[in-house]
Amino acid sequence: QVQLVESGGGLVQTGGSLRLSCTASRNIFSINAMGWYRQAPGKQRELVAAITNGGSTNYADSVKGRFTISRDIAKNTVYLQMNILEPEDTAVYYCNAHIWNYDYWGQGTQVTVSS
């Protein structure tokens, strides 16, 4: 099991930046993959970015070139740097940890981009 604590959401204007943090309660090397998902009102939850324990990353097409996922292993923390934010990025962002066949979720953090 793992507990995930997110922080860093907020309100930002179009073109602005935010950095989300997700701290895990265990060594993130022991987690197969960690990622960020988001869910906008009336829409399904979608993958934004993910990083494996080997360091491989992947991104949704809509955020490529604007968002960067990274990690600090010593702090058991994964980050999502979000640049050039657009109103379409407005959503609740959830941290995810995938351990074998199980998914664990953080409580979510709201990101609102005003036009």
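Listed here are the strands (runs of 3 or more DSSP E) enclosed by segment 1-59 that have at least 2 residues being over 26 Å from Ser114 (Cα atoms): 18-24, 33-39, 46-52, 57-59.
Taking every residue in segment 97-112 that is closer than 28 Å to Thr14 by Cβ and pairing it with any residue that is among the acidic types (Asp, Glu) and open to solvent by less than 80 Å² (accessible area, probe 1.4 Å), at least 6 positions away or on another chain, the pairs with Cβ-Cβ distances below 8 Å are Gly106/Glu6; Gln107/Glu6; Gly108/Glu6; Thr109/Glu6; Val111/Asp89. Taken over segment 57-88, the residue count meeting the criterion of being in contact with a helix residue (DSSP H, G or I) (Cβ under 8 Å, 6 or more places away or on another chain) and open to solvent by less than 30 Å² (accessible area, probe 1.4 Å) is 4. Flag set for Ala91, criterion: of a type in the set (Gly, Ala, Ser) and surrounded by 15 or more Cβ atoms within 10 Å (Cβ to Cβ). For segment 98-108, residues that are under 14 Å from Arg45 (Cβ atoms) and open to solvent by less than 40 Å² (accessible area, probe 1.4 Å) total 2. The residues on offer are Asn27, Asn83, and the sole one that is out of contact with any strand residue (DSSP E or B) (no Cβ under 6 Å at 6 or more places or on another chain), under 26 Å from Val12 (Cα atoms) and in contact (Cβ under 8 Å) with a residue 12 or more places away in the chain is Asn83. Would you check which residues across segment 35-55 are of a type in the set (D, E, K, R) and open to solvent by 20 Å² or more (accessible area, probe 1.4 Å) and list them? Listed by number, the residues that qualify are Lys43, Arg45, Glu46.
The values are calculated or read from the model by the stated rules, or taken from the named source; none is laboratory data. Just so we're clear, the structure is a prediction, and the values are computed from it rather than from any experiment. FYI the Cβ positions are ideal-geometry reconstructions off the backbone, even for glycines, and counts take in every protein chain you see. For accessibility, only protein heavy atoms count, side chains too; no ligands or nucleic acids. Shrake-Rupley method; radii C 1.70, N 1.55, O 1.52, S 1.80 Å.
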